[in-house]
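The values are calculated or read from the model by the stated rules, or taken from the named source; none is laboratory data. Quantities reported herein were computed from a predicted structural model and do not represent experimental measurements. Cβ placement follows ideal geometry from the backbone for every residue including glycine, while neighbour counts extend to all protein chains displayed. Surface accessibility is based on the protein's heavy atoms, side chains included, excluding ligands, DNA and RNA. Shrake-Rupley method; radii C 1.70, N 1.55, O 1.52, S 1.80 Å.
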Amino acid sequence: MIKFLIKGLIRDRNRSMFPILTVTVGVSLTVLIHCWVTGIFSDMIDVNARFSTGHVKIMSQSYLENIDQSPNDLALMNAEDIIAEAESIFSDMNFTTRIRFGGLLDAPDENGETRSQGTVMGLGIDLFSTNSGEIDRMNIQTSLMAGEIPNESGEILISKEFADNLEVKLGDPVTLISSTMYGSMAMQNFTVVGMVEFGMSAMDRGAIIIDLADAQYALDMVDAASEIVGYFDDGIYEDEQAQLVVKDYNARFLDVTDEFSPIMQSLRQQNQLDAMLSYSEAMIGIIVFIFVLAMSIVLWNAGLLGGIRRYGEYGLRLAIGENKGHVFRSMISESVAIGIAGSFIGSIIGLGFALYLQVYGFDVSQFTQKTTMMIPNVYRAHITPVAYYIGFVPGLFSTVLGTALSGIGIYRRKTADLFKELET
Amino acid sequence: MEKSSIIEINNLIKRFPVGGGFFTALDDINLSFSKGEFTGIVGPSGSGKTTLLNILGSLDVPTEGEATVLDKKISTLSHKQAAQLRNGHIGFIFQTYNLLPVYTVYENVEFPLLLLKMPAREREKAVQEAIEWVGLTDKIKSKPAQLSGGESQRVAIARAMVKKPELVLADEPTANLDSENSHHILRTMEKLNNDLNTTFIFATHDEKVMSYLKRIIRLEDGQVVKDDWMELKEAAS
Ligand SMILES: Nc1ncnc2c1ncn2[C@@H]1O[C@H](COP(=O)(O)OP(=O)(O)OP(=O)(O)O)[C@@H](O)[C@H]1O
Ligand SMILES: [Mg+2]
């Protein structure tokens, strides 16, 4: 019987082709958009992870409370030990200290008098040790517009835009004026060796980058760390895994009675990324829902048309002695077969396009020049495991729903009326 | 004449709701049919022939009164029971042949047996045999679109006959056929009636059919106005 119905389904193009095409189109769009939205959000999250939050971040509890002010006076002490401990527990992760600081950058003239001055957002990162990974992580090599990356103490990278404003050239001396961890004034001379442009306005306005050890020395923070960021070795943020790490770490080291004891937070817990992640999940849900709805309406109508065309057949089958439930169930099975076929083809097509957009990306820099958000300039689709099956949700749901809705007509009509369709 | 009754119709009334009121399509019908009959229900258009056949075929139910078909009271059957009655015991032949266009002759005839879940070997034998009865063995792989009207109607007969039902209900089976084809399929049915003792009930106003009928029931405005046994007539004349 099933073989018989499948034969009919395959031979009757009207019955199979149009619905399969509809499903294919809808499913491929669903898959593509899913990958695209996932890609956009994961790129945004990735940027945040690289430049700001880490996959996880260790701070002192009091630093966390005032994190907006980057209060270096609340930094963790014994950073080396903390890192060593963390890396021994989480062997698939890499931890490194970062120091953020505010201050003034002063460019002197030949006489040592201030020529120009500007406020800076300073970042001290580990530029010199080979295994820190910070240079790659922050894309410094590709962001370098002029000069080179510092390779010895006393060298500084400044953002191109900022350098232009200060009229500072490569090789010029500059003085950083800031405050030490203990509140006294800090002054340190540096030589400009490179200029960077990250393609994110938030970073490009007033960023300077110096080596971690220089920062620690200048700010009187030797072996202290305002933030210790940790990354999974594969570079990919896995929210569930990060939560486990956080839980484990905090269970071991967090002491709520000591405000200088370390606390770990996941990416998701920082920078309102929780809202963004939830938003991206909700967005994908809404997109899938809209496609389910739209496709169901199309397929409902297709089903109605097909059903009306086939009332004669149904009437005949009822006359021959098939019962209504059986006819209805066979319609549903047909729709399941169509849904699976369409979803399968649609998923392949959607994944194909997504793969293209994952590899080549889509450059949006001309639209985002003025933005102050930490967003990247090239968006890429991102194929997650979910993408392999998400298309089946609208694909199957809409065909079955569409068929069920049109099939209810069979139940509503009297057998004799269905049968009458034969006469016409 | 010692014949067992397979249909009893008692005080049957069928009304259809029309506008605010009712239209009485069948008005107090009392009839009885025996096994092996070859009977025609004739009458002008709108007299209620199709309505009566539909009730006998359990596709519709009486408004009042009762029709008992093969010991089943039509008005009491559930959808499922009605489907079982049709599937197991009744074959339908329609004015339009209503073959499923995507299936071959063989598959169209096979369909009722698939519903009966008949085992494959038995099924194949029955299908071959039914197609032989109607003389279409050489068209077994054809699709309905490749058949003439007469051939299509013969396929429909084979489909009605393949499960060897006790009762075949044929609604204007010759209306779309020329005279040669009409005679051909009528002879086919006559032969099946003789060989298998299947009961045939026709609804028709085709003169060609009349000459084959053993009994003619005349309906007018939903009432039986005449009920003649042709054998008796012929014997008498
Ligand atoms: N579902 C229905 N609703 C309302 N009236 C109906 C319905 N079905 C049939 N009728 C009416 O009942 C009467 C008998 O119809 P029926 O189809 O039985 O006639 P018939 O004798 O088969 O006619 P024909 O020779 O034209 O096929 C007609 O007047 C028809 O309009
Ligand atoms: Mg009729």
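Residues in segment B:48-70: is at least one open to solvent by 40 Å² or more (accessible area, probe 1.4 Å), within 16 Å of ligand 2 (Cβ to nearest atom) and in contact with a Lys or Arg (Cβ under 8 Å, 6 or more places away or on another chain)? There is no residue in segment B:48-70 that is open to solvent by 40 Å² or more (accessible area, probe 1.4 Å), within 16 Å of ligand 2 (Cβ to nearest atom) and in contact with a Lys or Arg (Cβ under 8 Å, 6 or more places away or on another chain).
Considering segment B:44-72, and only residues there that are of a type in the set (G, A, S) and part of a strand (DSSP E or B), the residue that is farthest from ligand 1 (Cβ to nearest atom) turns out to be B:G65. Hey, any hits in segment B:31-48 for a residue that's free of Cβ contacts under 8 Å to residues at least 40 places away in the same chain and among the β-branched types (V, I, T)? No, that holds for no residue. Selection of segment A:262-313 for residues being polar (S, T, N, Q) and closer than 30 Å to A:D239 by Cβ yields A:Q265, A:S266, A:Q269, A:Q270, A:N271, A:Q272, A:S278, A:S280.
In a residue-by-residue description of segment B:159-172, the property of being within 18 Å of B:L53 (Cβ to Cβ), away from ligand 2 (no atom under 16 Å from the Cβ) and open to solvent by 20 Å² or more (accessible area, probe 1.4 Å) applies to at least one position. Taken over segment A:105-150, residues that are out of contact with any Gly (no Cβ under 7 Å at 6 or more places or on another chain) and assigned to a strand (DSSP E or B) amount to 11. The set of residues in segment A:86-125 being touching a residue at least 40 places away in the same chain (Cβ under 8 Å), among the charged types (D, E, K, R) and either under 23 Å from A:G154 (Cα atoms) or surrounded by 15 or more Cβ atoms within 10 Å (Cβ to Cβ) (or both) consists of A:R98, A:R100, A:D106, A:R115. Filtered by the rule that a residue be in contact with a Phe, Trp or Tyr (Cβ under 7 Å, 6 or more places away or on another chain), surrounded by 15 or more Cβ atoms within 10 Å (Cβ to Cβ) and within 14 Å of another protein chain (Cβ to nearest Cβ), segment B:7-17 gives a lone residue, B:R15. Within the span defined as segment B:98-113, one or more residues are within 16 Å of ligand 2 (Cβ to nearest atom), outside any helix (DSSP H, G or I), closer than 23 Å to B:N181 by Cα and open to solvent by 20 Å² or more (accessible area, probe 1.4 Å).
Screening A:G315 against (1) in contact with a Lys or Arg (Cβ under 9 Å, 6 or more places away or on another chain); (2) without any contact (Cβ under 8 Å) to a residue 24 or more places away in the chain leaves a single unmet condition, (2). For segment B:114-139, residues that are within 20 Å of the chain's Cα centre (by Cα), assigned to a helix (DSSP H, G or I) and within 11 Å of chain A (Cβ to nearest Cβ) total 1. The set of residues from segment B:18-43 being within 7 Å of ligand 1 (Cβ to nearest atom) and either of a type in the set (A, V, I, L, M) or open to solvent by 10 Å² or more (accessible area, probe 1.4 Å) (or both) comprises B:V18, B:F23, B:A25.
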